[in-house]
1. Being more than 12 Å from the ligand (Cβ to nearest atom), open to solvent by 40 Å² or more (accessible area, probe 1.4 Å) and of a type in the set (K, R) is true for just one of R46, R29. Which residue is that?
2. Please verify whether A170 is within 30 Å of R23 (Cβ to Cβ), open to solvent by 30 Å² or more (accessible area, probe 1.4 Å) and within 19 Å of the chain's Cα centre (by Cα), treating the condition exactly as stated.
3. Any idea which of A67, A120, A114 is open to solvent by less than 10 Å² (accessible area, probe 1.4 Å) and within 10 Å of the ligand (Cβ to nearest atom)?
4. Which numbered condition in (1) closer than 28 Å to R276 by Cβ; (2) more than 14 Å from the ligand (Cβ to nearest atom); (3) not in a helix (DSSP H, G or I) is the only one that V166 fails?
5. Residues to consider are A217, A188, A155; find the one that is open to solvent by less than 50 Å² (accessible area, probe 1.4 Å) and closer than 24 Å to N115 by Cα.
6. Taking only pairs six or more apart or across chains, which ones have beta-carbon atoms under 8 Å, a first residue in the stretch 236-259 that is within 14 Å of L193 (Cβ to Cβ), and a second residue that is loosely packed, with under 13 Cβ neighbours inside 10 Å?
7. Return the residue satisfying two criteria in turn: it lies in the stretch 191-201 and is away from the ligand (no atom under 16 Å from the Cβ) and crowded, with 24+ Cβ neighbours inside 10 Å, and of such residues it is nearest to A222 (Cα to Cα).
8. Which numbered condition trips up T236, out of (1) in contact with a Cys (Cβ under 6 Å, 6 or more places away or on another chain); (2) open to solvent by 50 Å² or more (accessible area, probe 1.4 Å)?
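The values are calculated or read from the model by the stated rules, or taken from the named source; none is laboratory data. Being a predicted model, the structure only gives us computed values, none of them experimental. Heads up, the Cβs are rebuilt from the backbone with ideal geometry, glycines too, and the neighbour counts pull from every protein chain shown. Areas reflect the complete protein model, heavy atoms only, side chains present, ligands, DNA and RNA absent. Shrake-Rupley method; radii C 1.70, N 1.55, O 1.52, S 1.80 Å.
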Amino acid sequence: MFDQVEAFCRPASVAEALRMLQRDKGRARIVAGGTDVVVAGGDGVRVLIDITRAGLNYIRPKAGAVAIGATTTLSEIEESALLGKLAGGIIPRAAATCGSTTIRNMATLGGNLANASPAADMAVALLALDASAVIAEARGRRKLPLAEYLAGASAGRFSASILVEVTFPAPPAGKRCGWSFQKLGRTALDISLVSVAAGVELDTKGRVKWARIALGAVAPTAMRAEAAEQLLVGRTPAVDAIAEAAAEVARVVRPISDVRASAEYRREMSAVLVARALGESIAAAGGSR
Ligand SMILES: Cc1cc2nc3c(=O)[nH]c(=O)nc-3n(C[C@H](O)[C@H](O)[C@H](O)COP(=O)(O)OP(=O)(O)OC[C@H]3O[C@@H](n4cnc5c(N)ncnc54)[C@H](O)[C@@H]3O)c2cc1C
């Protein structure tokens, strides 16, 4: 908890929040839903900057892309009609698996990503959609690939910046595209032991045009499995092709053992969930296995 907090600020804009972060450098912490930050606490934290009134709560189409503001809650994402129509609804599906309703009512997308937990479920779905992060810092705003943002946040490189929004190009759509989100947790309320998002498009002959595979809780941050994706391209996605892709994933993941599961179990389950996610994606794209 925060025993030494002297001020709780509610800036009305990102610019004001940035000024506060700069002014109290090293002593201030951004808070959005508080579901991670309150649990973690912080000894040196004297100032909490609540950004939930800084105008970052939105889900909107944006020139061939979609933008989700950082303080949009996971409940709002779960219920979004716009997001439900895109990529088999994997973004709302991922949101719906995060904790309980009460957690999702508070938890925000920005907090999920800025916390850079290996098990951040939203990161997995968004990586599969080639998402980017827009951050605001003293010298202005910039956009960077989500994977780069997660790596930087995990290394503490963005402590002086605010995640403003996440954008992703409108995902390929049509009856030959299929998507899936799969999560394995100890219970339905637990964080992931492994989570997987996948997508495929089949050509008119039933061969894979492209495939996307992203995983959570099996590496220092959520990750894409590009080599496994490439193994599928140009092939009819029969059981052997899926098994090869799943085996490649099991080879490249870097899970740890902790109180929830052993590294060996996570590795094996990565392959199982990838096979399951590819199977669902291929079926949704009209393919057979
Ligand atoms: C019981 C429980 C169950 C959970 N289950 C899941 C689960 O199944 N899946 C899952 O992925 N997560 C889960 N979580 C983790 C957490 O709820 C989510 O990661 C949530 O999305 C965090 O968002 P928040 O707004 O509460 O973040 P906060 O706690 O407010 O902030 C988290 C961190 O991010 C920083 N931050 C927040 N917003 C920004 C921003 N816009 N820019 C820069 N920095 C920012 C804060 O300073 C802090 O370091 C669970 C948590 C609990 C307590």
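1. Values: R29 fails: more than 12 Å from the ligand (Cβ to nearest atom).
That would be R46, the only listed residue that is more than 12 Å from the ligand (Cβ to nearest atom), open to solvent by 40 Å² or more (accessible area, probe 1.4 Å) and of a type in the set (K, R).
2. Working: within 30 Å of R23 (Cβ to Cβ): no; open to solvent by 30 Å² or more (accessible area, probe 1.4 Å): yes; within 19 Å of the chain's Cα centre (by Cα): yes.
Judged against the criteria, A170 is not a match.
3. Working: A67 fails: within 10 Å of the ligand (Cβ to nearest atom); A114 fails: open to solvent by less than 10 Å² (accessible area, probe 1.4 Å).
Every option except A120 fails the conditions.
4. Here V166 clears every test but (2).
5. Working: A188 fails: open to solvent by less than 50 Å² (accessible area, probe 1.4 Å); A155 fails: open to solvent by less than 50 Å² (accessible area, probe 1.4 Å).
Answer to the check: A217.
6. Partner pairs satisfying both residue conditions: S257/E264.
7. Kept after step one, since they are away from the ligand (no atom under 16 Å from the Cβ), are these residues of the stretch 191-201: 198-201.
If we keep only those that are crowded, with 24+ Cβ neighbours inside 10 Å too, we end up with 198-200.
Details: A198: 13, G199: 16, V200: 19 Å.
Taking the candidates together, the pick is A198.
8. For T236, the exception is condition (1).
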